[in-house]
1. With just the Cα atoms of region 17-138, tell me how far they stretch along each of the three principal axes, in Å, largest first.
2. Quick one: length gained pulling Arg78 to Lys13 fully straight, 0.36 nm per residue minus the C-alpha distance?
3. Note down the relative contact order for region 17-138 as a percent, whole number, built from C-alpha pairs under 8 angstrom at least six residues apart.
4. Taking the Cα centre of region 17-138 as the origin and placing charges on Cβ (Lys, Arg +1; Asp, Glu -1), which of Val106, Ala63, Leu34 is farthest toward the positive end of the dipole?
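Each reported figure results from applying straightforward, stated rules to the coordinates on display, with no laboratory input. Predicted model only: the values in this text are computed from it and were never measured. In this analysis, Cβ positions are derived from the backbone assuming ideal geometry, glycine residues included, and neighbour counts consider all displayed protein chains.
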Amino acid sequence: MSQLAWDHLTEHKSVRDIVNDKGLAKLGDSLVNLCYSLAKSVVLGDVTGEKVQDRVLARSIRAVSLHTQIGHKTDIGRAADAYEAIFAWLWLKRKISVESAVDIIVKALPIDSTTGRKEEGQVASHAFQVLLEQMVFQLPSGSPSTDMGPQNGSHPVSNP
């Protein structure tokens, strides 16, 4: 794989280093919103732009064993930032593509134009959980936690 100009931005040695990187979280925020907007557009058949709420991502990361890397008493904003940082790191490392993330979210997003906001948030949270469960094996193994795999038998995302 050839070097990219941003490869030096992803020299983190552990999951804890990744989730504590505020810059990665900021980049991940944009990437997560892009992926969700594209997935929702595909599902509904009409172009839309969405901002994923912090509580959606916080529920997602807390539903997998990876949450031990961010602490049990972490607030919603910090938990969401951790999810976004992980997503950005994986994207920068070319371990997940926007296209594959959108495909995974679409398959786990059974909504339509009549879906209420609260229900959509719950469904979106599950979709992001499914995505995280499929990405988690791509993270550095130098982290203190060894049980970070999916809890439902999912398989890792293949490289784009």
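1. 39, 30, 22
2. Working: separation 65, 0.36 × 65 = 23.40 nm, distance 2.01 nm.
Net length gain for the segment: 21.4 nm.
3. On the way: 166 pairs, mean separation 43.1, N = 122.
Relative contact order for region 17-138 comes out at 35 percent.
4. Most positive-ward Cα: Ala63.
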